[in-house]
Amino acid sequence: MVHISTDPFEGNDSSVYDVNYVSFNMKVMRDSLISSLEKFWQCIKIKADDYVLKNNIENINAQREEFFGFLEGSVQQSHEIRNYSLKLRLFINSFREDSFSNDEYFKELESLLDDTKKNLKSAETLQAQVRRIKNELVRIGEDLNKYQEDIQRDPENVKSKCKDNFDKTQYWMKMFGLTRYASPLVGAGVGLAAGSVVVFLAGAGVGLSSEVFRRKYSSQNDEERRQLEEQRDELITNIDIVLANFESLSMAIAQLIVYWEIQSTTISVLSTKLNEVKDEQNHNKLLIRVIDKTIKDLESDELFSKDFCVAVRVLMARYELRSISEGTQDDEF
């Protein structure tokens, strides 16, 4: 029994309708997907002026695109599973009606085994893909955590253009510091050659010039240090936003990992039984019970629903359009 809401104003989202089954509510999985897509979006919206956070945001965006590919693959595989489930039903019905000849039975059994292997491989591929996404996000999170700790300890650990300028100023301050201390020797050297008046003027002139530049770079260094501390504080806030979104994102992705683990296990059990029957070359009523259970397990999952798959594609399209729209607005600035 399926109830599809057709009221566009029902619920919080007018673009995706709730589909309720007797055994479960698709709203749970739908909300999880909405959450994951939104969390990805909140992360890539952050503007970063440093090298580390900027690079990690680019990596997050790459994982977002990978996640979109995973969702598209899940929708396509769901279509394959629906066809597969139908084929399993036809096999059971034919077996119960005793409409198979012996040759037809084993021919259909062979065909089912091929389909089962193919669907098992697809389920395992999707499971591996979403695990890679999770692992990469974990790596990014660890990198950002370490970076945040480093810059909290010292703003000079910030990696940015601002820090590069700060380092250059520090370098020139050291250079002029050395020149300043060397100037009396320079003055003395000139004085030995040209007389006591030249000694005074040369020494004072070089020293004064060094002091002017030292003060200039010292003031510049103080300003760059202030800017660096401001950038550090902003970075800490932005990294907190990313890490907070990662917590919710990891929970949503964990649900999808479990989903494909269950799919893989369900199909794997059937594959094992099909191989056993094929090797034994007999009609096995236990196989029918296993197939019947497999059908029920497959059809009880959220992604089995065609309506839900449509809802997933609607969500993906919305975020793609949002990305294009807001990306264009950023370009205009």
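Things to note:
- Estimated translational D of the stretch 77-135 in µm²/s (Stokes, Kirkwood radius over Cα pairs; 10 °C; 1.306 mPa s): 122 µm²/s
- Cβ-derived FRET efficiency at R0 35 Å, residue 321 paired with residue 111, nearest 0.05: 0.25
- Inter-label distance for residue 41 and residue 54, nm, one decimal - labels placed 7 Å from Cα along Cα-to-Cβ: 2.6 nm
- Here r is the Cβ-Cβ distance between residue 156 and residue 293 and R0 is 56 Å; the resulting FRET efficiency, rounded to 0.05, is 0.35.
- Segment residue 222-residue 138, length gained on full extension (0.36 nm per residue, minus Cα span): 26.5 nm
- Once the Cα-Cα distance is subtracted from the 0.36 nm per residue extended length, the residue 257 to residue 89 segment shows a gain of 57.8 nm.
Every number in this text was worked out from the coordinates using simple rules, so none of it is lab data. In this text the structure is predicted, and so the values were computed from the model without any measurement. Heads up, the Cβs are rebuilt from the backbone with ideal geometry, glycines too, and the neighbour counts pull from every protein chain shown.
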